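Okay, so here's the structure we're looking at.
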Amino acid sequence: MRSAEIRHPIHIADKAIIMAAGVGERMYPITRATPKPLLHVNGVRMIDTIVDGLLANNIREIYIAVGYLKEKFVQWLSDRRAVGLDAKITLIENPYYDNCNNISSLYVSREHLSNCVILDGDQVLVNQDILSPRFARSGYCCVWTEKETNEWLLTIDKATETILSCDRNGGNHGWQLYSVSFWTAEDGQRLQRHLELEFEQKKNRDIYWDDVAIFRYFSEYKLGIRKIKSGDILELDTIEELQTIDSRYKNYEGNKNV
């Protein structure tokens, strides 16, 4: 770690962008009336685990991109403030959420990308330490996996821990990408320009925002990884995965048409 700090100046994440605009169709019927980030998992809302983790690491400027059932987030924020929320939380409306991929949520939040951490709101943060605000360079939280996975899998340079490539089809014996990433001021400005180019000029609105840096403009970034452990953060994509964590959902049947 010391050699990495010599090669790269240390940056401090002082803000966060939480992506929370999606419909969460794979969680139907649970998400018909409640946005997925606001679902309780073992008694705590998913988004509260994220916000509490940010606050524990003194990241108090938080922007949340909302769309689907946005009024539920307005109420959630009011409730948190009523009990003394020690943070500056701003809801940013994403008017494109119902016909665009999540590139639209980062696009509407693009002015806040400098020295920030980007997270999905529909995951459960277990280990708050992975949100430590000190980071050497832009990059993603990743878990080493020996087993086969369908998630995006990274290959890195072992000496420098620089990302060399990403396989969106998954694989094994690689670094599985998680939806937590850190961005320096310089890379944040670069990412903002690339988002504007893709979303405004190219009208490319069906991609994940991560495609921008990892595939479309990969050579313009020198991304690294933050090593975390399996279980530090839980990505729950389906009702079946939710049921393995919280038995209260055992009577629900997932949306088979998605």
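Based on this model, can you work out whether Asn204 counts as under 20 Å from Ser219 (Cβ atoms), surrounded by fewer than 18 Cβ atoms within 10 Å (Cβ to Cβ), more than 15 Å from the chain's Cα centre (by Cα) and not charged (D, E, K, R)? Spell out the reasoning first.
On the way: under 20 Å from Ser219 (Cβ atoms): yes; surrounded by fewer than 18 Cβ atoms within 10 Å (Cβ to Cβ): yes; more than 15 Å from the chain's Cα centre (by Cα): yes; not charged (D, E, K, R): yes.
So Asn204 passes the test.
Can you tell me which of Val126, Val117 is surrounded by fewer than 19 Cβ atoms within 10 Å (Cβ to Cβ), among the hydrophobic types (A, V, I, L, M, F, W, C) and modelled with pLDDT of 95 or more? Even if it seems obvious, please write down each step before you answer.
Details: Val117 fails: surrounded by fewer than 19 Cβ atoms within 10 Å (Cβ to Cβ).
Being surrounded by fewer than 19 Cβ atoms within 10 Å (Cβ to Cβ), among the hydrophobic types (A, V, I, L, M, F, W, C) and modelled with pLDDT of 95 or more holds for just one of Val126, Val117, which is Val126.
Among the numbered conditions (1) exposed (fewer than 15 other Cβ atoms within 10 Å of the Cβ); (2) of a type in the set (Asp, Glu); (3) in contact with a strand residue (DSSP E or B) (Cβ under 7 Å, 6 or more places away or on another chain), tell me where Glu146 comes up short.
Here Glu146 meets the rest and fails (3).
Quick check, is Asn251 surrounded by fewer than 18 Cβ atoms within 10 Å (Cβ to Cβ) and free of Cβ contacts under 8 Å to residues at least 40 places away in the same chain?
Working: surrounded by fewer than 18 Cβ atoms within 10 Å (Cβ to Cβ): yes; free of Cβ contacts under 8 Å to residues at least 40 places away in the same chain: yes.
Yes, satisfied.
What number goes with the only condition from (1) out of contact with any strand residue (DSSP E or B) (no Cβ under 6 Å at 6 or more places or on another chain); (2) buried (at least 18 other Cβ atoms within 10 Å of the Cβ); (3) of a type in the set (A, V, I, L, M, F, W, C) that Leu85 does not pass?
Looking at each condition in turn, Leu85 falls short on (2).
Does the range 156-175 contain at least one residue that is crowded, with 21+ Cβ neighbours inside 10 Å and small (Gly, Ala, Ser)?
Yes: the range 156-175 contains one or more residues that are crowded, with 21+ Cβ neighbours inside 10 Å and small (Gly, Ala, Ser).
With the structure loaded, tell me whether Ala56 is buried (at least 18 other Cβ atoms within 10 Å of the Cβ) and either of a type outside the set (Ser, Thr, Tyr) or at pLDDT 95 or above (or both) or whether it fails that test.
Numbers: buried (at least 18 other Cβ atoms within 10 Å of the Cβ): no; either of a type outside the set (Ser, Thr, Tyr) or at pLDDT 95 or above (or both): yes.
No, not satisfied.
Please find, among Glu186, Glu161, the residue that is at pLDDT below 95, out of contact with any Phe, Trp or Tyr (no Cβ under 9 Å at 6 or more places or on another chain) and not polar (S, T, N, Q). Quick ask: steps written out before the conclusion?
Numbers: Glu186 fails: at pLDDT below 95.
Answer to the check: Glu161.
The values are calculated or read from the model by the stated rules, or taken from the named source; none is laboratory data. Worth saying up front: this structure is predicted, and the values here are computed from it rather than measured. Counting neighbours? That spans all protein chains shown, and the Cβs are built from the backbone with ideal geometry, glycine included.
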